[in-house]
Amino acid sequence: MKKIDLNTGISMFPMPAAVISVGIGEEANLITLAYVGKVCAKPPIIAISMRPMRHSYGLIEKHGEFVINYPTKDQLKEMDYCGTKSGRDVNKWKELNLTKEQGALVKVPMVKEFPWNMECKVIKRVELGSHVCYFGEVVATHSDEKLVTNGKLDPEKFNCFAYLNGNYIGLENRVLETHGFSMK
Ligand SMILES: Cc1cc2nc3c(=O)[nH]c(=O)nc-3n(C[C@H](O)[C@H](O)[C@H](O)COP(=O)(O)O)c2cc1C
């Protein structure tokens, strides 16, 4: 095996790619993030990283809460849209016909149509460089009952996907679509 130096071209695989809700009421917005990862079990903590230029940045700073919403493969287009258009210019909820659903412990709304939602409260923020990292304690999790077996999310039932280098990857490692396809 001959390995080549990729310099700083680091990427984890698979990257989850989730749609994050931020903000409250009419201000509530949706942003797609691939820099998402579980970093602690007790308490359960998920880290997300966002560039300060994002419209969503001001909203997470303002309220200190976010919700991680996982779509299925059938909702890839909605996720791509949330990662391509800005809430400064469009109301993504309205454009995508998505419904705000009140969670249990945070004021930021969940996406009703997406089957897996995790409510998070920011417990720490770290400025890393290009991105600001937020550590969110997961205070409540909701899942479509059809995706659950024995109290746990069933990977054989959850038709999800991953993200790598601009491509949406099916779990059978097939590229589904490429960043921006929802604009065509
Ligand atoms: C698959 C995918 C993953 C992305 N991951 C990130 C990320 O981890 N951090 C980030 O700041 N932006 C990320 N983006 C870009 C933002 O989602 C995009 O700029 C979005 O339009 C910002 O929305 P807003 O201006 O309404 O906040 C990603 C986009 C896509 C399509």
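With n ≥ 4 as the cut-off for DSSP H runs, can you work out [θ] at 222 nm for the chain, using -39500 (n - 2.57) per run divided by the number of residues, rounded to the nearest 500?
-2500 deg cm²/dmol
With the chain treated as a Gaussian network of Cα nodes joined by springs under 10 Å, which of G25, G170, G103 yields the largest mean-square fluctuation?
Comparing G25, G170, G103 in a Gaussian network model of the chain, the most mobile one is G25.
Would you work out the charge dipole size for the chain about its Cα centre, treating the Cβ of every Lys and Arg as +1 and the Cβ of every Asp and Glu as -1, and quote it to the nearest 20 debye?
My answer is approximately 360 debye.
Using a ≥ b ≥ c from the Cα gyration tensor of the chain (square roots of the eigenvalues), is it rounded, prolate or oblate, where a/c under 1.5 gives rounded and otherwise the larger of a/b and b/c decides, a/b for prolate?
It comes out rounded by the Cα gyration axes.
Compute a Gaussian network model of the chain, connecting alpha carbons closer than 10 Å, and tell me which residue from N97, N117, N69 fluctuates the most.
N97
Just grab the label-to-label distance for L176 and L153, each label 7 Å out from Cα along the Cβ direction, in nm (one decimal).
Here the answer is 1.3 nm between the modelled labels.
For K77, which lysines qualify as cross-link partners when the Cα separation must be under 23 Å and same-chain residues fewer than eight apart are set aside?
Straight-line reach from K77, under 23 Å: K85, K92, K94, K100, K112, K146, K157, K184.
Just how far, in whole angstrom, is region 128-181 from region 8-36 if you go by their alpha carbon centroids?
Here the two parts' Cα centres lie 10 Å apart.
How would you rank C133, C82, C40, going from fewest to most other Cβ atoms within 10 Å of each one's own Cβ?
Fewest to most other Cβ atoms nearby, the residues stand as C40, C133, C82.
Which residue fluctuates the most in the chain, going by a Gaussian network model with Cα springs under 10 Å, if the choices are L76, L105, L128?
Among L76, L105, L128, the largest mean-square fluctuation in the Gaussian network model of the chain belongs to L128.
Here, each number is a calculation from the coordinates, and none is a lab measurement. Worth saying up front: this structure is predicted, and the values here are computed from it rather than measured. Reconstructed Cβ throughout: ideal geometry from the backbone, glycine too, with neighbour counts over all protein chains shown.
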